[in-house]
């Protein structure tokens, strides 16, 4: 049986596609497990510097968790299903490489939650993003109630979760849910351009910057500042720091090693 996750490499950029277009890329247990294994593998891969996550087809990034699987689950099985989605979101957030979501259509429920766990979100002008779980008698289970208010504030998160209504791409950009909106036919190209800009920086610096940025969402300010100071010391011990500063002084492009 072919895999439901497709990974393509372009230099140091991994493009990961959820490949269930016939089901609008809905997240069942198999998709969640394969995607979790893929992210964990790419996190450890020395030849990967950035990751793009997208969905197959032109209709959906991920239309949500697979309701056909969830409808028969017991309370304990629902908790286990939520735990699997939570582990995936945590793996995306903890990955030491930046992960960019290319939102090519519907990003609903679990699809929105996957995008929320990514570092940057770039949306097609045809994208729709929402947390419609209350419409079927449940709540967000893959991190939406926690990551969404941290990104857009409690007011917008409450409206989206309580009403179940999806928002369009321009609204998502206005409230800070996505970084930018681009024409649908240029989505992957534009997302790759941002990823390649990141790939032009020191891998060591990017990894430490991501760790500090993620911590800022969870730590009190003083603890976060302590972490930044410690990370600044760590980055000062790297070969990339030496190379970057010498390249700046010598007016040349640095040759990063990630060490």
Check: Name the residues in the range 129-156 that are assigned to a helix (DSSP H, G or I), in contact with a helix residue (DSSP H, G or I) (Cβ under 8 Å, 6 or more places away or on another chain) and closer than 22 Å to residue 87 by Cβ, would you?
Finding: 133, 144, 145, 147, 148, 149, 151
Next item on the list: Only residues that are out of contact with any helix residue (DSSP H, G or I) (no Cβ under 9 Å at 6 or more places or on another chain), free of Cβ contacts under 8 Å to residues at least 40 places away in the same chain and more than 30 Å from residue 161 (Cβ to Cβ): list them for the range 171-208, please.
Entry: 185, 186, 189, 193, 197, 200
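Matching residues to (1) closer than 30 Å to residue 204 by Cβ; (2) within 18 Å of the chain's Cα centre (by Cα):
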residue: 10; (1), (2): yes, no
residue: 13; (1), (2): yes, yes
residue: 35; (1), (2): yes, yes
residue: 43; (1), (2): yes, yes
residue: 48; (1), (2): yes, yes
residue: 52; (1), (2): yes, yes
residue: 61; (1), (2): no, yes
residue: 86; (1), (2): yes, yes
residue: 89; (1), (2): yes, yes
Check: Restricted to the range 67-108, and to residues that are part of a helix (DSSP H, G or I) and touching a strand residue (DSSP E or B) at 6+ places or on another chain (Cβ under 8 Å), which residue is nearest to residue 187 (Cα to Cα)?
Finding: 92
Checklist line | residue 65, sole failed condition from (1) more than 16 Å from the chain's Cα centre (by Cα); (2) over 13 Å from residue 144 (Cβ atoms) | finding: (2)
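No lab work stands behind these numbers, since they all come straight from the coordinates. Not measured: the values here are computed from a predicted model. Cβ sites come from the backbone with ideal geometry, for glycine too, and all protein chains shown count toward neighbours.
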